[in-house]
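Since the structure comes first, as structure tokens, the remarks are kept for the end.
The values are calculated or read from the model by the stated rules, or taken from the named source; none is laboratory data. Keep in mind that what you see is a predicted model, and the values were worked out from it rather than measured. Virtual Cβ from ideal backbone geometry, glycine too; neighbours counted across all protein chains shown. Side chains are part of the model used for accessible areas, which takes the heavy atoms of the whole protein and leaves out ligands, DNA and RNA. Shrake-Rupley method; radii C 1.70, N 1.55, O 1.52, S 1.80 Å.
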Amino acid sequence: TKTARPRRGAPPRLTYAPTSAGNILAEFTVTRTGTDGDGSHDFYLCASRDYAQHDLAWLEQQRALLEEAGLVEAGAVELVDCTDEVEILHVAGPSAQALMHALCPEAASVPFLQMRNLRVCGVEAAVFRISFTGEAGYELHVSAEDAAPLFDQILRSDKARALGCRPFGSAAVNALRVEKGFKVKADLDFAHWSEAGVDAFIPDARKH
């Protein structure tokens, strides 16, 4: 990857997956979710659903290469595909914090670029203070079965109605993220990292 591995409690990191020649194959948001008592580590990777199988295949390939090189023991790295088990609800815009404070007071205190496991309207959620729109906002990562009921609870809440909150679609998200310069795999198109327009997300120490 082209950025540092996140420590426990550290902010999620936007991470690019390059080939050995530096061409970008994938991009992930990586969050360290815990450290087990046996010294193992848990990481949560979020990327484009459209490229889930592609990205999983790349991760499996990297695991195999590490095992073949003797850098990790066989079976020491476990990959779990939870694409179909998790849905993401996006709360964004100038009223996002006011809405989240009403729905889940603890969410309003989540620092920018951080994640907390909370209950929103009674639903367990990984609450990220991140917005792919580039606007103030949150991502609520919830189980697939809870997503639709939570969506309805949020929109029907008194606070959402008072603030005039409305659903918005992927076209709106896409337009806003383009304005902010946030790139997805389709934009990167196997470009070399130095030509992909992602310099702002790469530490200087890793550019040489």
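Applying the criteria of a DSSP loop state and at most 12 other Cβ atoms within 10 Å to the chymotrypsin sites (Phe, Trp or Tyr not before Pro) of the range 82-137 yields Phe112.
Between Glu124 and Asp204, the modelled labels are 4.4 nm apart [label points 7 Å from Cα along Cα→Cβ]. Accessible area per residue for the chain is 59 Å², calculated with a 1.4 Å probe on protein heavy atoms, without ligands, DNA or RNA.
Over all directions, the projected convex hull of the C-alpha atoms in the range 126-208 averages 7.6 nm² in area.
Close Lys pairs in the chain (alpha-carbon distance under 27 Å; sequence gap of 8 or more, or different chains): 7. Dipole of the chain computed with +1 at Lys/Arg Cβ and -1 at Asp/Glu Cβ about the Cα centre; of Ser131, Ile88, Asn117, farthest Cα towards the positive end is Ser131. Here the chain is assigned +1 on the Cβ of each Lys and Arg and -1 on the Cβ of each Asp and Glu. Its dipole about the Cα centre then comes out at about 980 debye.
A viscosity of 0.890 mPa s and a temperature of 25 °C, combined with the Kirkwood radius over Cα pairs in Stokes-Einstein, give a translational diffusion coefficient for the range 7-112 of 149 µm²/s. With the Kirkwood sum run over all distinct C-alpha pairs, the range 110-162 has a hydrodynamic radius of 11.8 Å.
May I ask which residue of Leu65, Cys46, Phe151 lies farthest towards the positive end of the charge dipole of the chain, with charges of +1 (Lys, Arg) and -1 (Asp, Glu) on Cβ and the Cα centre as origin? About the Cα centre, the residue reaching furthest to the positive side is Phe151. Note on the chain: with neighbouring protein chains present and a 1.4 Å probe, carbon and sulfur make up 50 percent of its accessible heavy-atom surface. Only Cα pairs under 8 Å and 6+ residues apart enter the sum, and on that basis the relative contact order of the range 64-157 stands at 29 percent. For trypsin sites (Lys or Arg not before Pro), the sites in the range 120-208 that DSSP calls loop and that have at most 11 other Cβ atoms within 10 Å are Lys207.
Let me know the Kirkwood hydrodynamic radius for the chain, please, with Cα pairs as the basis and the value in Å to one decimal. Final number for the Kirkwood radius of the chain is 18.6 Å.
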